[in-house]
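The values are calculated or read from the model by the stated rules, or taken from the named source; none is laboratory data. Predicted, not measured: the structure shown is a model, and the values here were computed from it. As a convention, Cβ positions derive from the backbone with ideal geometry for all residues, glycine included, and neighbour counts pool all protein chains shown. Heads up: the accessible areas ignore ligands, DNA and RNA and are worked out on the full protein's heavy atoms, side chains in. Shrake-Rupley method; radii C 1.70, N 1.55, O 1.52, S 1.80 Å.
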Amino acid sequence: MLISLQNINKIYTGDAENVTAVDDVSLSVDAGEFVAVVGPSGCGKTTLLLVAGGLLGPDGGEVTIDDVDPYSLGTEQRARFRAERIGFVFQQFHLVPYLNVLDNVMAPAMVTRDPAARERADSLITRFGLGNRVSHRPGQLSTGERQRVALARALLNEPRVILADEPTGNLDGENSQEVLQTLQSFAQQGGAVLLVTHDPDAVAFAGRQVTLANGRIAENQGG
């Protein structure tokens, strides 16, 4: 399995009470799979995705990505592991506002220092129709262009896994289709996609739908 989450628990500690965001969730995504996680706001979807991405340590359970437990690694090793194995796509894009398109796409290579990254970046920029925007900063781009930059960045280091959190939430229909087709193609080529979404059109691209409710898996359909 490229993504394996076993008996994951995550509890947020508050002044008045503790909140169990993820409650004993087990979920696996194999190579070639595109899995959509759905459920109401506050059900634990994004927390689960952050745990899967090595960004938020669980309070219980085991995480392995491409047969590696990211939480067994030191801080620098974990950052390199994420840069090499995982591509992230978010609703808010998380582009660096003072960097141009090329430098945003190249950002993951700052960790890996791969000399072939520039050639791949140029290819991805061309693939996503951003050749005439290469020197523009995010504030000079349309919403769709910014998400295409984010997709190119996610794919730069040829990851094994893509984790996507509401990637179509700020996009119109045409741009949403482009994002979802890219994710679907990534899975078809042997990657694993774990998508968190409220968008029924996005769910239609996935091969399996997992529904969360109150931090637990309520339903697991397809695949």
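Conditions (1) in a loop (DSSP other than H, G, I, E, B); (2) on the phi > 0 side of the Ramachandran plot, marked per residue:
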residue: ALA107; (1), (2): yes, no
residue: ASP114; (1), (2): yes, no
residue: GLY129; (1), (2): yes, yes
residue: GLY139; (1), (2): no, no
residue: GLU158; (1), (2): yes, yes
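THR143 falls short on exactly one of the conditions (1) among the β-branched types (Val, Ile, Thr); (2) at pLDDT 95 or above; (3) closer than 26 Å to LEU50 by Cβ; (4) surrounded by fewer than 18 Cβ atoms within 10 Å (Cβ to Cβ), and that condition is (2).
Can you name every residue in region 179-223 that is under 20 Å from ALA150 (Cβ atoms) and more than 16 Å from the chain's Cα centre (by Cα)?
Going through region 179-223, the residues under 20 Å from ALA150 (Cβ atoms) turn out to be 179-187, 189, 191-199, 201-202, 205-206.
Once the filter is applied, which keeps residues that are under 20 Å from ALA150 (Cβ atoms) and more than 16 Å from the chain's Cα centre (by Cα), region 179-223 yields GLN189, ASP201.
Can GLN91 be described as open to solvent by 30 Å² or more (accessible area, probe 1.4 Å), farther than 13 Å from LYS10 by Cα and free of Cβ contacts under 8 Å to residues at least 12 places away in the same chain?
The answer is no for GLN91.
Among the residues in region 110-120, are any within 21 Å of LEU55 (Cα to Cα) and touching a residue at least 40 places away in the same chain (Cβ under 8 Å)? Within region 110-120, one or more residues are within 21 Å of LEU55 (Cα to Cα) and touching a residue at least 40 places away in the same chain (Cβ under 8 Å).
Screening region 200-223 for residues that are modelled with pLDDT of 90 or more and in a loop (DSSP other than H, G, I, E, B) and picking the one that is least open to solvent (accessible area, probe 1.4 Å) gives GLY215. Only one entry in VAL193, VAL111, VAL134 is surrounded by 21 or more Cβ atoms within 10 Å (Cβ to Cβ) and either among the aliphatic types (A, V, I, L, M) or closer than 17 Å to LEU2 by Cβ (or both), namely VAL193.
One residue stands out in region 22-51 among those that are closer than 12 Å to ILE217 by Cα and either part of a strand (DSSP E or B) or among the hydroxyl-bearing types (Ser, Thr, Tyr) (or both): the one that is nearest to the chain's Cα centre (by Cα), namely VAL37. Taken over region 166-180, residues that are more than 21 Å from VAL101 (Cβ to Cβ) and either modelled with pLDDT of 95 or more or hydrophobic (A, V, I, L, M, F, W, C) (or both) amount to 1.
Given the options ASN175, ASN170, name the one that is assigned to a loop (DSSP other than H, G, I, E, B) and touching a helix residue (DSSP H, G or I) at 6+ places or on another chain (Cβ under 8 Å). Of ASN175, ASN170, the one residue that is assigned to a loop (DSSP other than H, G, I, E, B) and touching a helix residue (DSSP H, G or I) at 6+ places or on another chain (Cβ under 8 Å) is ASN170. Pairs linking a residue in region 8-21 that is farther than 19 Å from LEU49 by Cα to a residue that is surrounded by 10 or more Cβ atoms within 10 Å (Cβ to Cβ) and among the hydroxyl-bearing types (Ser, Thr, Tyr), with Cβ atoms under 7 Å and 6 or more positions apart or on different chains, are ASN18/TYR12.
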